[in-house]
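Let me begin by presenting the structure, written as structure tokens, before commenting on it.
The values are calculated or read from the model by the stated rules, or taken from the named source; none is laboratory data. Because the structure is predicted, anything quoted here is derived from the model rather than measured. FYI the Cβ positions are ideal-geometry reconstructions off the backbone, even for glycines, and counts take in every protein chain you see. Just the protein is used for accessible areas: all its heavy atoms, side chains included, with ligands, DNA and RNA removed. Shrake-Rupley method; radii C 1.70, N 1.55, O 1.52, S 1.80 Å.
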Amino acid sequence: MTELDEFRGDVRSWLEANCPAGARGPGQVAWGSRKIELEPDVRLWLERMAEQGWTVPTWPTEYGGAALDRGQYRVLVDELKRIRARTPLTGRGVNYIGPTLLEYGDEAQKARWLPGIARGDGGWAMGYSEPGAGSDLASLGLKAVRDGDHFILNGRKTWTSDAVDCDYIFVLARTSPDKPKHQGISLRPIQKSLICR
């Protein structure tokens, strides 16, 4: 028996014992929003998978993942499919913000954001589209000007996906207006309560 076979057996046993019936087949999937009440089995599934590091299984353990390699990850996915388990967590936190921070973030940013994302603690909206520009990111007009440790935003966003239920918004803003329009754009995470009332 290979290590991967042994891992598969462990995963299969754990999933059978810990995946609630209400988290199998079609249904609700958590995306982190604190404003959406999760069904009891969906909440339990999220908590159990987060404890295993399996909401973000390839992330390092210090940030809430399980540090699975490619083969282990494939086994986990296969076993989840076998029992028709829903993903425990999806959304822009695990799909956009987390991977970006893992690649480009400093240690303080990683420690601040990644463990909460891995637990499904806070849903993210996307702040791209603007009046007169739509989703043409090169035509962004919203400016972000540094003011000490903060940025002052000047401009507007429209059609912000999931804005009603989000806890945070990541916006693309023009931080270097003197550069060509396809450059000088930065991504900034913003706590929703600071800009949306």
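Would you check if there is a residue in region 90-111 being outside any loop (DSSP other than H, G, I, E, B), open to solvent by less than 60 Å² (accessible area, probe 1.4 Å) and touching a Cys at 6+ places or on another chain (Cβ under 9 Å)? Within region 90-111, one or more residues are outside any loop (DSSP other than H, G, I, E, B), open to solvent by less than 60 Å² (accessible area, probe 1.4 Å) and touching a Cys at 6+ places or on another chain (Cβ under 9 Å).
Please enumerate the residues belonging to region 143-190 that are closer than 30 Å to Leu38 by Cα, in a loop (DSSP other than H, G, I, E, B) and either modelled with pLDDT of 85 or more or open to solvent by less than 70 Å² (accessible area, probe 1.4 Å) (or both). Of everything in region 143-190, those that are closer than 30 Å to Leu38 by Cα, in a loop (DSSP other than H, G, I, E, B) and either modelled with pLDDT of 85 or more or open to solvent by less than 70 Å² (accessible area, probe 1.4 Å) (or both) turn out to be Lys157, Thr158, Thr160, Asp162, Ala163, Val164, Asp165, Cys166, Asp167. Can you work out which of the residues in region 126-142 that are in contact with a strand residue (DSSP E or B) (Cβ under 6 Å, 6 or more places away or on another chain) and closer than 16 Å to Ala163 by Cβ is surrounded by the most Cβ atoms within 10 Å (Cβ to Cβ)? By that ranking, first place goes to Gly127. Of Arg84, Arg119, all but one fail to be within 16 Å of Leu46 (Cβ to Cβ) and touching a residue at least 12 places away in the same chain (Cβ under 8 Å); the exception is Arg119. Taking region 65-102 as the range and being at pLDDT 95 or above and among the aromatic types (Phe, Trp, Tyr) as the test, only Tyr73 passes. With respect to Thr58, is the statement that it is open to solvent by 40 Å² or more (accessible area, probe 1.4 Å), touching a residue at least 40 places away in the same chain (Cβ under 8 Å), over 18 Å from Thr160 (Cβ atoms) and touching a helix residue (DSSP H, G or I) at 6+ places or on another chain (Cβ under 8 Å) true? Spelling it out, it is not the case that Thr58 is open to solvent by 40 Å² or more (accessible area, probe 1.4 Å), touching a residue at least 40 places away in the same chain (Cβ under 8 Å), over 18 Å from Thr160 (Cβ atoms) and touching a helix residue (DSSP H, G or I) at 6+ places or on another chain (Cβ under 8 Å).
Counting the residues of region 60-76 that are of a type outside the set (Phe, Trp, Tyr) and in contact with a Pro (Cβ under 9 Å, 6 or more places away or on another chain) gives 8.
A search for C-beta distances below 9 Å between a residue of region 145-170 that is under 17 Å from Trp113 (Cβ atoms) and free of Cβ contacts under 8 Å to residues at least 12 places away in the same chain and any residue that is assigned to a strand (DSSP E or B) and open to solvent by less than 40 Å² (accessible area, probe 1.4 Å), counting only pairs 6+ apart in sequence or on different chains, returns nothing.
For the residues Arg34, Arg119, Arg74, Arg86, the requirement of being within 30 Å of Thr2 (Cβ to Cβ), open to solvent by 30 Å² or more (accessible area, probe 1.4 Å) and among the basic types (Lys, Arg) singles out Arg74.
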